[in-house]
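Below is one structure, written out as structure tokens, with a few remarks after it.
The values are calculated or read from the model by the stated rules, or taken from the named source; none is laboratory data. Owing to the predicted nature of the structure, the values given are computational and were not obtained by experimental measurement. Cβ placement follows ideal geometry from the backbone for every residue including glycine, while neighbour counts extend to all protein chains displayed.
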Amino acid sequence: MALEEEKKETSPGEATYRETENDLRQARSALLNILDDTEMARRIAVEEKNKTLAIIQNFSDAILVFDENNILELANPLAEEYLDEKKENLVGKRVDEFLALPKTKMLMQLLEVSEGSPIKQLFRKEFMASPNFYLEVTSVMLIIDSKLKGTLLVLHDITREKNIEKMKTEFVSISAHQLRTPLSAIKWTLRMVLDQDIGAITPEQKDILEKSYLSNERMINLVNDLLNVTRIEEGRFLSKPEPVQIEELIQSVVDNMQEEAKKRKISLSFTKAGRSLLPIVKLDKEKMKLTLDNLVTNALKYNNNGKNGRVEVFVKENSEKELQVEIKDNGLGIPEGQQSRIFTKFFRGENVVRMEVDGSGLGLYTAKNVVEAHGGKIWFESEEGKGTTFYLTLPIPQS
Ligand code: ADP
């Protein structure tokens, strides 16, 4: 018995050794666990990275990623295809070096790229990358932890939409042209009958024919509006600009409208700020007249007929760089919920359609295009029931 107890007893040295061995074993297994976790985290990170890369590589839009120094870090296969350049020629280049590449020149100009400047933020801006190949570009700043880490460019192919749009425009243009001839023939025939050139007509017949004549005029106006829109969309709307004294042009528009204003019992005035003549501006006179005509007509049409209706036209030199024209009315106003659609094609306010049947909803779309094609801006302020003011600016040529 004494012998057995003696066998089980361990010496103090041996106990310390066992403890150390135990500690080491635990530390080893903890270390292995940490290594396992790290390996797992690494594998997950690699998997995530591969997944992100696979998404970028197979994305249906071209993707280009620039780092914070505007050096291209990544370009997916579609970017190579759209820009017609191998990745090796793109990645590693600074953004302003892309200006030298023929296919990217236009894109870089849109992004206002120059050496050392940041890439401009754009949202769905269209451009023609090559003949009959249209792209839409969006550029987004990559901000991580409030720091700019680079810029992402997304290029989306819109050639198909552009071609459909072109076909539609051509269709409308051809139809409108075809409609013009018979409408003119009807106009002149009715005029002859109304003027009693081909025989006397009774007052009753005259009344009916007068109404037909006006309806035909409305149709001619609509066809002309449609033709203007198709010309805008085909990019061949403005003819060569000529020097114009704007106050003379506005005065003639206002003079032509006085009769209509009187008929509607609305006062129509024109005021020019200052005594001296305004600087000459360069305009496509006919199109600008059409625009001013439309804005003044609208101010008269969408007014409180006979109830203190007022339309005031002003012009002034805003700065050395631009003139500003204002067309102010105290009429129906534009409903707040519809104001964002005012310059879109065929838009007509819900507060006007029932009271004023005459209108195509194409005038303001055309006006915006005309003003912007001259390098100007157009906008408005309106309150329903109180009135509307349209503003437009035109640049003064700097010599
Ligand atoms: P149209 O006058 O032929 O309908 P426009 O493009 O000139 O087409 O105008 C579009 C719409 O904008 C009008 O139908 C009307 O609802 C609104 N609008 C334009 N000008 C005014 C105005 N001065 N006051 C109130 N509504 C206006």
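Annotations
- Matching residues in segment 329-357 - criterion: being within 9 Å of the ligand (Cβ to nearest atom), in contact with a Gly (Cβ under 9 Å, 6 or more places away or on another chain) and closer than 27 Å to residue 273 by Cβ: 329, 331, 333, 334, 342
- Of the listed requirements (1) within 15 Å of residue 82 (Cβ to Cβ); (2) outside any helix (DSSP H, G or I), residue 151 misses just one: (1).
- Some residue of segment 109-120 being part of a strand (DSSP E or B), on the phi > 0 side of the Ramachandran plot and small (Gly, Ala, Ser): no
- Subset of segment 206-245 [part of a loop (DSSP other than H, G, I, E, B) and at pLDDT 95 or above]: 245
- Candidate set from segment 349-377 (those that are among the basic types (Lys, Arg) and surrounded by fewer than 16 Cβ atoms within 10 Å (Cβ to Cβ)); member that is modelled with the highest pLDDT: 377
- Within segment 103-145, the set of residues being surrounded by fewer than 11 Cβ atoms within 10 Å (Cβ to Cβ) and either within 21 Å of the chain's Cα centre (by Cα) or acidic (Asp, Glu) (or both) comprises 115, 123, 124, 132, 145.
- Residue-level analysis places residue 232 among those that are in contact with a helix residue (DSSP H, G or I) (Cβ under 9 Å, 6 or more places away or on another chain) and surrounded by 17 or more Cβ atoms within 10 Å (Cβ to Cβ).
- Test: residue in segment 313-325 that is more than 13 Å from the ligand (Cβ to nearest atom) and part of a helix (DSSP H, G or I): no
- Residue in segment 378-387 that is under 23 Å from residue 287 (Cβ atoms) and either surrounded by 14 or more Cβ atoms within 10 Å (Cβ to Cβ) or near the ligand (Cβ under 8 Å from one of its atoms) (or both) present: yes
- Leading residue by the ranking (nearest to the ligand (Cβ to nearest atom)) among those in segment 358-375 that are out of contact with any Asp or Glu (no Cβ under 6 Å at 6 or more places or on another chain) and of a type in the set (Ser, Thr, Tyr): 365
- Selection within segment 45-82 - in contact (Cβ under 8 Å) with a residue 40 or more places away in the chain and assigned to a helix (DSSP H, G or I): 78, 79, 82
- Long-range neighbours under 6 Å by Cβ, at least six apart or interchain, first residue over 14 Å from residue 246 (Cβ atoms) within segment 286-301, second part of a helix (DSSP H, G or I) and near the ligand (Cβ under 10 Å from one of its atoms): 294/363; 294/367
- Here the condition is being hydrophobic (A, V, I, L, M, F, W, C) and closer than 22 Å to residue 242 by Cα; of 378, 327, 334, 342, it holds for 378 alone.
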